[in-house]
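Written below as structure tokens is the structure these notes are about.
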Amino acid sequence: MGESGEKAAEISLKDQGNEFFKGGNYLKAAALYTQAIKQDPSNPTLYSNRAAAFLHLVKLNKALADAETTISLKPDWEKGYFRKGCVLEAMERYEDALAAFEVALKYNSQSSEVSKKIKRLTQLARDKKRAQEVETMRSNVDMSKHLDSVKSELSVKHRAEDNWKEIFSFLVETMENAVRSWHEKSTVDPRVYFLLHKDKTDTEKYAPVVNIDKAFESPHTHGNCFSFLRQYAEESFSRAACLVAPKSLISYPQVWKGQGSRKWKHGQNDGFFFQFESPSLRKIWFIPSSTEKGQTLCRDPVSLDIGVHEILPRVFKQG
């Protein structure tokens, strides 16, 4: 076969490959491009075409290798960089893909296809970065940074004793556990957590957790629950308590749906209330929640006026 005959064979292999590619038979197309490459191993178009076929077959490492070969054979041809960008996009390496498309644009500034890719990839890279930030926030729950003012107040009110640190740790840990529960289930169980007294509490009789799911059904159940908790706190010699309840559960008392100064100012966000009780200090927060990048995320706790927004009245006698 003369040189022109070899050339015709190469063209026909490539053209046959292109036909199969257009028909969606990417496996057959890749096989034909491979045959063509054996006959003409320094033809960048063949590697570029095979990269496209491999991309459709989700053979991403092979596709990337072919894109790199295309670039090395013809460094000033946009197509190699375009192929590389498409493969990296499929690998979800969005920032690397963006860099490849930017080089492609340098060699063909008129390409609307490349410009579209750059726009899309910029958004995908931003979204991926934010999704990673959300995941980091979900897995590294740190509430103590929001509770510095409470720490100072506790240390002042309990100056004589050293137990304020234990009370503060109890508050932080209970709030963090509630946030983690919300991240997992998009809700929290309505409960009161008690910090029992190491030496005085009869632990056979008093558990550190009490369910309060019926507390918000009516003024009657609310009053009964409060009386029970007050007695429980006293008889168990508890030193502090944390009340946790999802906003959605509380139809009574609807304190934030009042008027004037009592009006709820914290939007329509879902979330939960967290009320801290001790003989010397009472606090309440609302922890709003939102969905971001398909994930439930608790926002920073919002400190509320306990006189207006308490979910249950004072649990401990004033110390």
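The values are calculated or read from the model by the stated rules, or taken from the named source; none is laboratory data. Computed from a prediction, not measured in an experiment: that's the story for all the values here. Cβ: placed from backbone, ideal geometry, glycine included. Neighbour counts: every protein chain shown.
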request  = Given the conditions (1) within 29 Å of C298 (Cα to Cα); (2) of a type in the set (A, V, I, L, M); (3) over 28 Å from the mean Cα position of the chain (by Cα), report the number of the one that V156 does not fulfil.
outcome  = (1)
request  = Could you figure out which of (1) of a type outside the set (F, W, Y); (2) part of a loop (DSSP other than H, G, I, E, B); (3) buried (at least 19 other Cβ atoms within 10 Å of the Cβ) isn't true of Q110?
outcome  = (3)
request  = Could you tell me which residue of the stretch 202-231 is surrounded by the fewest Cβ atoms within 10 Å (Cβ to Cβ), considering only residues that are among the β-branched types (V, I, T) and over 16 Å from E277 (Cβ atoms)?
outcome  = T203
Whichever residue in the stretch 181-234 is within 24 Å of P288 (Cβ to Cβ) and of a type in the set (G, A, S) and, among such residues, is modelled with the highest pLDDT = S181
ask   = Which residues, counting only those in the stretch 138-165, are assigned to a helix (DSSP H, G or I), in contact with a His (Cβ under 9 Å, 6 or more places away or on another chain) and either of a type in the set (A, V, I, L, M, F, W, C) or surrounded by 15 or more Cβ atoms within 10 Å (Cβ to Cβ) (or both)?
value = R138, W164
query = Quick one: would you say V58 is more than 17 Å from T34 (Cβ to Cβ), of a type outside the set (G, A, S), buried (at least 17 other Cβ atoms within 10 Å of the Cβ) and free of Cβ contacts under 8 Å to residues at least 60 places away in the same chain?
reply = no
